[in-house]
Amino acid sequence: DTAVSQTPKYLVTQMGNDKSIKCEQNLGHDTMYWYKQDSKKFLKIMFSYNNKELIINETVPNRFSPKSPDKAHLNLHINSLELGDSAVYFCASSQGRWGYTFGSGTRLTVV
Amino acid sequence: ELKVEQNPLFLSMQEGKNYTIYCNYSTTSDRLYWYRQDPGKSLESLFVLLSNGAVKQEGRLMASLDTKARLSTLHITAAVHDLSATYFCAVDIRDDKIIFGKGTRLHILP
């Protein structure tokens, strides 16, 4: 069983489109995150949710909107996609002090 | 703002050699993590360091934490090709927020 699963794995879309990435974890963790990894491999936190409540909202364009229907799911919706949104987006979850478990990533390419 | 700096960012080394990756951070924290990322893959947790003086070892990798110096090291002993990857340190600055370093791309030559 995959602990943190993201779909889709690859996403190629045109500028201006709206797209969603889904994330689910079966670890029973209370906190989930979205991170963006750019072409230089730099990882930047975007959002985190604790038990469906938004607790971290970094400086991210408001075209990005996370949604957590329950504590096992955290989805990311992106409106009006731009070229600069091309990156790998990682979902992660955590419980306590033991760090994160990452999903396999979604490679988003905006053309 | 917290800064997490890794040194070096790129490292090419011969098999059998020893080397150390350094991770400095700019604010108080007693939680530090090391992750490994293979090309095109996700991040894999290597070590969780939760107190000053913590030392963890797994195979040819050993990580340590000095919270007073705000420094962690990842030491590689007798490197083998399979250890080629990008290694990230990450610092927990408050509950549930972890800031990553830029990563050290390690290439081990056979």
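The values are calculated or read from the model by the stated rules, or taken from the named source; none is laboratory data. Everything numeric here is computed off the predicted structure, so don't read it as measured data. Every residue, glycine as well, gets a Cβ built from its backbone with ideal geometry; the counts of neighbours run over all protein chains shown. The accessibility values were calculated without ligands, DNA or RNA, using every heavy atom of the protein model including side chains. Shrake-Rupley method; radii C 1.70, N 1.55, O 1.52, S 1.80 Å.
Just a few scattered comments:
- The mean number of partner chain beta-carbon atoms within 10 angstrom of a residue's beta-carbon across peptide A:96-108 is 5.
- Distance in nm between pseudo-label sites at A:Ser39 and B:Arg94 (7 Å out along the Cβ direction from Cα): 3.4 nm
- Loop-located trypsin sites (Lys or Arg not before Pro) across the range B:10-42 with a Cβ neighbour count of 14 or fewer within 10 Å are B:Lys17, B:Lys41, with loop assigned by DSSP.
- Lys pairs, chain A - Cα-Cα below 15 angstrom, 8 or more residues apart or on other chains: 11
- Chain B - charge dipole about Cα centre, Lys and Arg +1 at Cβ, Asp and Glu -1, debye rounded to 20: 180 debye
- Exposure rank, largest accessible area first [B:Tyr35, B:Tyr19; 1.4 Å]: B:Tyr19, B:Tyr35
- Surrounding net charge for A:Ser65, when Lys and Arg each add one and Asp and Glu each subtract one, Cβ distance under 14 Å: +1
- Of the trypsin sites (Lys or Arg not before Pro) in the range A:54-111, those whose Cβ has at most 14 other Cβ within 10 Å and which sit in DSSP loop: A:Arg63, A:Arg97
- Between A:Pro66, A:Ile55, A:Ile21, the Cα set farthest toward the positive side of the dipole of the range A:4-110 (charges on each charged residue's Cβ, about the Cα centre) is that of A:Ile21.
- R0 of 35 Å, Cβ-Cβ distance B:Glu5-A:Val12: FRET efficiency to nearest 0.05: 0.55
- Listed residues A:Met46, A:Met15, A:Met32, most fluctuating in chain A (Gaussian network, C-alpha, under 10 Å): A:Met15
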